[in-house]
Amino acid sequence: DVKVTQSSRYLVKRTGEKVFLECVQDMDHENMFWYRQDPGLGLRLIYFSYDVKMKEKGDIPEGYSVSREKKERFSLILESASTNQTSMYLCASSSLRQGGEVYEQYFGPGTRLTVT
Amino acid sequence: AQSVTQLGSHVSVSEGALVLLRCNYSSSVPPYLFWYVQYPNQGLQLLLKYTTGATLVKGINGFEAEFKKSETSFHLTKPSAHMSDAAEYFCAVTNTGNQFYFGTGTSLTVIP
């Protein structure tokens, strides 16, 4: 069974702390993604990566950075957490597009982060 | 630029009734379209996808969707709602496979 795992289901941090969210996939996927999910706003892309050490900004990268040192692992970093970063964070992975085929994303269970 | 609009943030249907969740997309090139479902406290899982070929796509749990280019729509339907269908549903579009654009979601309630 294919799997995307996230390091924590729930996390509580204080304002100003550095926060690491880890994501691991076991499907040898090239693409990995970080989203945040907020009520009424759906999923918004923070960053994605299509290869080791490669990253692309999504729609809302401000206040976040990412790291991909190994193909299976994609980390989201909040350098200095703020209360407006309280949200659900979802990691996803997918295969690279081949010819005319685009592949679906597989999602982790999410990390609910609260910043106080 | 691409975008997705899901009409109706909340939809309620009676058990056994037709489910219709609406999705309209904006894309300057032929799109690839997806429907995902999210159960409480879980990540998203794929219901169905349209890439090329047949415009009527069948997915898991009895759901299907029809790609209508002229209407820029990809509405999700199920003939008979079941209690277990209560969840949040997301429509998504991409034309690269790198960036996916999601709608704001529709929460489906099934009334016994």
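Mind checking whether some residue in the stretch B:42-61 is under 13 Å from B:Thr106 (Cβ atoms), more than 14 Å from chain A (Cβ to nearest Cβ) and assigned to a loop (DSSP other than H, G, I, E, B)?
no
I'd like to verify a number: residues in the stretch A:7-19 that are closer than 21 Å to A:Tyr106 by Cα and modelled with pLDDT of 95 or more, how many?
So the count comes out to 1.
Which of the residues belonging to the stretch A:76-101 are under 14 Å from the mean Cα position of the chain (by Cα) and within 27 Å of B:Gln2 (Cβ to Cβ)?
Selection gives A:Leu76, A:Gln85, A:Ser87, A:Met88, A:Tyr89, A:Leu90, A:Cys91, A:Ala92, A:Ser93, A:Ser94.
For residues that are charged (D, E, K, R) and in contact with a Leu (Cβ under 8 Å, 6 or more places away or on another chain), tally how many sit in the stretch A:81-112.
Of the residues in the stretch A:81-112, 2 are charged (D, E, K, R) and in contact with a Leu (Cβ under 8 Å, 6 or more places away or on another chain).
The values are calculated or read from the model by the stated rules, or taken from the named source; none is laboratory data. Since the model is a prediction, treat every value here as computed from it, not as a measurement. Heads up, the Cβs are rebuilt from the backbone with ideal geometry, glycines too, and the neighbour counts pull from every protein chain shown.
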